[in-house]
Structures are given as C-alpha cells and as structure tokens.
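For reference, the structure is listed below as structure tokens.
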Amino acid sequence: MSNMSNVGVFFLSGFSVTVHHKAVLFCLTLLCYLLIIMVNMCLIVTITLDKSLHEPMYILLCNLCINALYGTAGFYPKFAFDLLSDTPIISYVGCFVQYFIIYSYAIIDFSVLVVMAYDRYVAICRPLQYGALMSVQRTSILVALCWCVPLCVELCVVTLTSSLTLCGAHIDKLYCENWAVVKLACGSTTLNNIVGLIAISFYLGHILFIVCSYVPLVKSALKCTETRRKFTQTCVPHLLCLLNVTAALLFDHMYSRYGSTFVSQNVKNLMAVQFIVFPPVLNPIIYGLILKKIRHRVLTWLRTTHQRFKLTLKV
C-alpha cells in the first residue's frame, strides 16, 4: 500500500442523512445483528451436533451460515460505531480490510450456492452416483474452493486498488467499497476496470452453470412425483436464497458503477446495504422453515431447552 501517506483516512459521507435518526438506526442495527447471529448460530450448532445432518447439502448450508457471520462482522460493528460518531471515518488500512471482508463474503456466498446447485443436480438426476460424486473428500475440496478462490480474487483486487494514487478521501457510501475508492484515483484505472470485468465475467459463468444444472432438474421434477417432492423440499429454498443473493449483489454492483447522482442518499444507502442485511437473515430462515429435517431438529432442540429452563426455575 504505497500511497498510505497520500490518504490517511476516508470520510464516509453516506452517513450525512442519518444525523437525525442515529438512536433509532443504532437500535435497529443492533437488533438486526443479534438476529443474524442467533439464526445462523442456531443452524450451525444444529448441523454440527446432529450426525444425521452430516451430509453434503447440510454441510454446505452450515458454510453458508458461517460465511454470513464472517461477512456481517466486517460491517455491523463498524456501522454501529459510526452511527454514534460525529464524523464517520475509517483508516486507509481499515477501509481495505472492510472491503475485503464484505465482498469476499458476497462471492463466497455465491460460490457455496453454486456448489449447492451441483449437489442438488447429482442428488436428483444421478442418485445412484451421488455417493461417489459427492463423497466426503470431494465435498471437502469443493468447500475449500468456495472459500479459497473468492479470497484470492478479492486479495488481487484489493492489492491492485491499494497501488493507486488517490486525489480524494470522501466515499459516498456507508462502508468502504472498491469501486468507490477507484473513483478517487488521480490516474488511469484501466487495469482495475479490466480485472473487475474479468472477475464479474467469472461469476456470471457461475450463473450459467446454475442454469445448466437446473434445466435437467426441472425436467426430472415434471416427470416423477417423488422427484417433484424432492425438488420442492430441497431446490426451492436454494432458488429463493440464490435469487436473494443475486438480486442484492446486482443492485449493489449496478449502483456502484452506474448509480445516478439524482437518487436520494437514503435510496443509495438502502441499495448499498441490502446484500449485507437481507441474505444473512433470510437464508437460514428460508432453509430452517422449508427443510423438514432442519426444522424438526431446531424445534426439538428449542423444546428441550425450554423444558430444561423450566426445570431449572423449579429447582
């Protein structure tokens, strides 16, 4: 990071419209973060402790929840602190760390959902080969790739952006974002644009892979009642989560690059934070409500905990 002497801190100007609502927003932020921790930890603990759930689909779901905790940790504590601050700022290094965490979280989420699509394809369309194609070893390799590839991609993007000489320090968002920093550069950003487009094209290829996986899935579901039941139980929550994550990321990316200056700051803020607010809350709830085994285990655990609590009170 050669230009640290050029810019020491960044000013987060997205907070300019929160001046009169800081207390309310702080309470909502705290409640939202606690809800995210609670619902994701609930699924992580349930899947970890119940050996009958140690299957590829549930292992991938557990990673989805772990990633949600990782990504939100890069946003919510700093966001809550900035709501209480008179001048929301972030250090140069802190900015890149925050960007790295938030956007690596986003593409890890997407990568895990891609592997889940492959898992559902094999389970429904090639059930006799499921044990071989989704063995423990192969699942472990796929999970490792879901984490390592996005982390390496974001490390390259952050390293490239940190080499730019900046002519400004005001970021028009509630958190640090790569494109917002790139727009502050004094010189050419052609290389950054090229690398960004390559990364986007790579993850657009993921969408094509998901579509190719779901075409035979839908065909199989239309032919057989049993396959249709399995598709409804396991593929519908996956599609809802995928739609949730894709829409949120698309809004954020399109606005970051092409957002209009005529849009109000409140709308800008909503578009900027939705992918860090909605997927971490909705994904575990969607899976928890629709997947029968998860729902049954969670309800059983809650009933047991309630009974133990009542016995403790009597004692």
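Inclusion of VAL245 among residues that are of a type outside the set (Gly, Ala, Ser), on the phi < 0 side of the Ramachandran plot, within 20 Å of the chain's Cα centre (by Cα) and surrounded by fewer than 15 Cβ atoms within 10 Å (Cβ to Cβ) is not warranted.
Does the stretch 89-96 contain at least one residue that is touching a strand residue (DSSP E or B) at 6+ places or on another chain (Cβ under 7 Å), modelled with pLDDT of 90 or more and open to solvent by 30 Å² or more (accessible area, probe 1.4 Å)? For the stretch 89-96, residues touching a strand residue (DSSP E or B) at 6+ places or on another chain (Cβ under 7 Å), modelled with pLDDT of 90 or more and open to solvent by 30 Å² or more (accessible area, probe 1.4 Å): present. Before we move on, is PHE251 within 18 Å of ILE207 (Cβ to Cβ), of a type in the set (Phe, Trp, Tyr), open to solvent by 50 Å² or more (accessible area, probe 1.4 Å) and modelled with pLDDT under 75? For PHE251, the condition - within 18 Å of ILE207 (Cβ to Cβ), of a type in the set (Phe, Trp, Tyr), open to solvent by 50 Å² or more (accessible area, probe 1.4 Å) and modelled with pLDDT under 75 - is met.
LEU282 meets the stated requirement of being in a helix (DSSP H, G or I) and modelled with pLDDT of 75 or more. Only residues that are over 18 Å from CYS176 (Cα atoms), in contact with a helix residue (DSSP H, G or I) (Cβ under 7 Å, 6 or more places away or on another chain) and among the β-branched types (Val, Ile, Thr) were counted across the stretch 128-161, and they come to 3. Within the stretch 188-201, the set of residues being open to solvent by 50 Å² or more (accessible area, probe 1.4 Å) and assigned to a loop (DSSP other than H, G, I, E, B) comprises just one member, SER188.
Which ones in the stretch 15-67 are open to solvent by 30 Å² or more (accessible area, probe 1.4 Å) and among the β-branched types (Val, Ile, Thr)? Matches in the stretch 15-67: VAL17, VAL19, VAL24, ILE37, VAL45, THR48, ILE59, ILE66. When THR161 is tested against (1) open to solvent by 80 Å² or more (accessible area, probe 1.4 Å); (2) more than 30 Å from MET116 (Cα to Cα); (3) β-branched (Val, Ile, Thr), only condition (1) is not met. Taking the criterion of being touching a residue at least 12 places away in the same chain (Cβ under 8 Å) and under 26 Å from THR304 (Cβ atoms), the residues of the stretch 16-44 that qualify are LEU35, ILE36, ILE37, VAL39, ASN40, MET41, CYS42, LEU43, ILE44.
The values are calculated or read from the model by the stated rules, or taken from the named source; none is laboratory data. Keep in mind the model is a prediction, meaning the values are calculated, not measured. Reconstructed Cβ throughout: ideal geometry from the backbone, glycine too, with neighbour counts over all protein chains shown. Ligands, DNA and RNA are excluded from the accessible area calculation, which covers all protein heavy atoms including side chains. Shrake-Rupley method; radii C 1.70, N 1.55, O 1.52, S 1.80 Å.
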